[in-house]
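Chemist: Would you mind keeping the following structure in view while I ask a few things?
The values are calculated or read from the model by the stated rules, or taken from the named source; none is laboratory data. Quick caveat, the model's predicted, so the values are computed rather than measured. Here Cβ is always computed from backbone atoms with ideal geometry, including for glycine, and neighbour counts include all displayed protein chains.
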Amino acid sequence: MEVVTSSRPYHIVIFGASGFTGKFVVEEVARYAADNTGENRFRWAVAGRSRQRLKGVLNQAADRLAMPELSTGVDIIEADVSSKESLSIMCQQGLVILNCVGPYRFYGEPVVAACVENGAHYIDICGEPQFLERMQLDYHAKALERGVYVIGSCGFDSIPADLGILYTQSNFKGTLTAVESFLTISSGPEGSCGHDATWQSAVYGFADSSALHKLRRKFGHKPLPVVGTKVRPRGFVFFSKEIVQYAIPFMGSDPSVVKRTQRFLYQEECRSPFPRFFSFGLFSKAGPTINQIEDTCFNMMFFGEGYSEGTDPLQGPPNAKICTEVMGAEPGYVATVIAMVQAAVTVLKEKHSLPRRGGVYTPGSAFYKTSLIDRLHNHGFKFSVRSYEEPAKP
Ligand SMILES: NC(=O)c1ccc[n+]([C@@H]2O[C@H](COP(=O)([O-])OP(=O)(O)OC[C@H]3O[C@@H](n4cnc5c(N)ncnc54)[C@H](OP(=O)(O)O)[C@@H]3O)[C@@H](O)[C@H]2O)c1
């Protein structure tokens, strides 16, 4: 693990710890810290604009986790997005900043800028493609120069989708040419829902989707080559024979993040599939109840096809199929915080396996050479191969 120093005393600083999601991140980090004590103990702090609210969060976590030491043993840093100086002071103290302050299109950029300028790695749980892609366009070169990793969308948007595709690729023996993914959320008697900030993030994103098209033109990307057949476009509502259910296209950041990862890997001379994703969700001002959270889980299935080893793609249609699955607990506030914290732990422990020496990355492009999938597996996610079909060997 990267070592903390007296001038940079924390492995992790949770910014926005008083928010709906931030509180769950506090609990997850507290659990991680409790397992990592002793001489090289894990050190962390919470940050936000109200000392009083942050104190309240630590007291609540102390009660919920039966860890009284949280009430007094965790440092508080006061930082406000509107104060550059406060962000700099925060970013000078942590090796990794977990940014839980959203919607990111309104509050995210000053935090990214402060991390890059002050040498702290940055991780968020953003699900807003426009913010994520703009940070890549505007901060990649600076982050690379400063040796800082900026890794967005490390929550449910879009770790299961992005790493699910990497897992599918790594388990396919040949050339995987297309993947389609289906997300199912199962809930208990009280149903499931998301918090208002996530809803707002999505609404502003849809309202401003033309700006995203303009932004993408600035990258000047050339189309990636297509091998085999492309995934057929789906209607707004369609019946999927794969999951034997009606489905709608996914409207979050997954397609954007996965395509950026696949472009990165292609540029790193890997092979590239072209995925499409489908989902739906509900939101409320109060957010989900504890019962709703405890009774909810997700399942994401990936249906891939391609050419088995030794088959020439020019000689006919794809001849091999794979079905993989990623499962986990409630997506918004349990799976998200596990993914975010394990992404941070991976940065701290496996920096040598991250690409180049800094830059702005998707989860897949940052972590494809690390053990993040294994770490997630050990923390309640399950990645598995459901089926694999290829032609019988002559
Ligand atoms: N990827 C995923 O799957 C996923 C899952 C869950 C959430 N999210 C995203 O996470 C973000 C947060 O969601 P949430 O539901 O936790 O929102 P929230 O409850 O509204 O929390 C927002 C946090 O931002 C802080 N904040 C607001 N303005 C600030 C400022 N000027 N300076 C410093 N801090 C400020 C708030 O602090 P105060 O307490 O002082 O008001 C609060 O801690 C959203 O963008 C959401 O979409 C993503």
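Chemist: Output the qualifying pairs, or none if there are none: Cβ atoms under 8 angstrom, residues six or more apart or on different chains, first residue in the range 44-61 and aromatic (Phe, Trp, Tyr), second residue within 13 Å of the ligand (Cβ to nearest atom).
Modeler: Filtered contacts from the range 44-61: 44/13; 44/14.
Chemist: Residues of the range 340-363 being assigned to a helix (DSSP H, G or I) and under 21 Å from residue 40 (Cβ atoms), which ones?
Modeler: Matches in the range 340-363: 341, 342, 343, 344, 345, 346, 347, 348, 349, 351, 352, 353.
Chemist: So, one more: Out of curiosity, is residue 47 crowded, with 24+ Cβ neighbours inside 10 Å, within 10 Å of the ligand (Cβ to nearest atom) and not in a loop (DSSP other than H, G, I, E, B)?
Modeler: The answer is yes for residue 47.
Chemist: So, residue 102, is that one under 24 Å from residue 326 (Cβ atoms) and either surrounded by 21 or more Cβ atoms within 10 Å (Cβ to Cβ) or at pLDDT 95 or above (or both) or not?
Modeler: On the way: under 24 Å from residue 326 (Cβ atoms): yes; either surrounded by 21 or more Cβ atoms within 10 Å (Cβ to Cβ) or at pLDDT 95 or above (or both): yes.
Yes, satisfied.
Chemist: Still on this structure, I have one more. Please identify the pairs in which a residue from the range 201-213 that is modelled with pLDDT under 70 has its Cβ atom under 7 Å from the Cβ atom of a residue that is more than 11 Å from the ligand (Cβ to nearest atom), counting only partners at least 6 apart or on another chain.
Modeler: Cβ pairs passing all conditions: 205/129; 205/130.
Chemist: Of the residues that sit in the range 105-120 and are within 16 Å of the ligand (Cβ to nearest atom) and surrounded by fewer than 21 Cβ atoms within 10 Å (Cβ to Cβ), which one is nearest to residue 2 (Cα to Cα)?
Modeler: Among those that are within 16 Å of the ligand (Cβ to nearest atom) and surrounded by fewer than 21 Cβ atoms within 10 Å (Cβ to Cβ), it is 113.
Condition check ((1) aromatic (Phe, Trp, Tyr); (2) within 16 Å of the ligand (Cβ to nearest atom); (3) in contact (Cβ under 8 Å) with a residue 40 or more places away in the chain; (4) outside any strand (DSSP E or B)) across all residues:
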site: 298; (1), (2), (3), (4): yes, yes, yes, no
site: 303; (1), (2), (3), (4): yes, no, yes, no
site: 307; (1), (2), (3), (4): yes, no, yes, no
site: 317; (1), (2), (3), (4): no, no, yes, yes
site: 365; (1), (2), (3), (4): no, no, yes, yes
site: 370; (1), (2), (3), (4): no, no, no, yes
site: 384; (1), (2), (3), (4): no, no, yes, no
site: 388; (1), (2), (3), (4): yes, no, yes, no
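Chemist: Can I ask one more? Please return the ranges of strands (runs of 3 or more DSSP E) entirely within the range 121-207 where 1 or more residues are hydroxyl-bearing (Ser, Thr, Tyr) and within 15 Å of the ligand (Cβ to nearest atom).
Modeler: By residue number, 121-124.
Chemist: Got at least one residue in the range 338-352 being among the aliphatic types (A, V, I, L, M), within 16 Å of the ligand (Cβ to nearest atom), within 16 Å of residue 261 (Cβ to Cβ) and buried (at least 23 other Cβ atoms within 10 Å of the Cβ)?
Modeler: Yes, the conditions are met somewhere in the range 338-352.
Chemist: If you go through the range 16-33 one residue at a time, how many are part of a helix (DSSP H, G or I) and of a type in the set (Ser, Thr, Tyr)?
Modeler: 2
Chemist: Please specify each residue of the range 83-126 satisfying the condition of being hydroxyl-bearing (Ser, Thr, Tyr), in contact (Cβ under 8 Å) with a residue 24 or more places away in the chain and out of contact with any Cys (no Cβ under 7 Å at 6 or more places or on another chain). Lay out the reasoning, then the answer.
Modeler: So the first thing to find is which residues in the range 83-126 are hydroxyl-bearing (Ser, Thr, Tyr), and the list is 83, 86, 88, 104, 107, 122.
Then keep just the ones that are in contact (Cβ under 8 Å) with a residue 24 or more places away in the chain; that gives 88, 104, 107, 122.
Those that are hydroxyl-bearing (Ser, Thr, Tyr), in contact (Cβ under 8 Å) with a residue 24 or more places away in the chain and out of contact with any Cys (no Cβ under 7 Å at 6 or more places or on another chain): 88, 107.
Chemist: A follow-up question, please. Any residue at all in the range 150-158 that is of a type in the set (Ser, Thr, Tyr), modelled with pLDDT under 90 and within 17 Å of the chain's Cα centre (by Cα)? Working first, answer last.
Modeler: Step one: filter the range 150-158 for residues of a type in the set (Ser, Thr, Tyr), giving 153, 158.
Add one more test, that the residue is modelled with pLDDT under 90, and what stays is none.
The answer is no; no qualifying residue exists.
Chemist: All but one of (1) over 16 Å from the mean Cα position of the chain (by Cα); (2) within 16 Å of the ligand (Cβ to nearest atom); (3) modelled with pLDDT under 90 hold for residue 267, so report the exception by its number.
Modeler: Among (1) over 16 Å from the mean Cα position of the chain (by Cα); (2) within 16 Å of the ligand (Cβ to nearest atom); (3) modelled with pLDDT under 90, residue 267 violates only (2).
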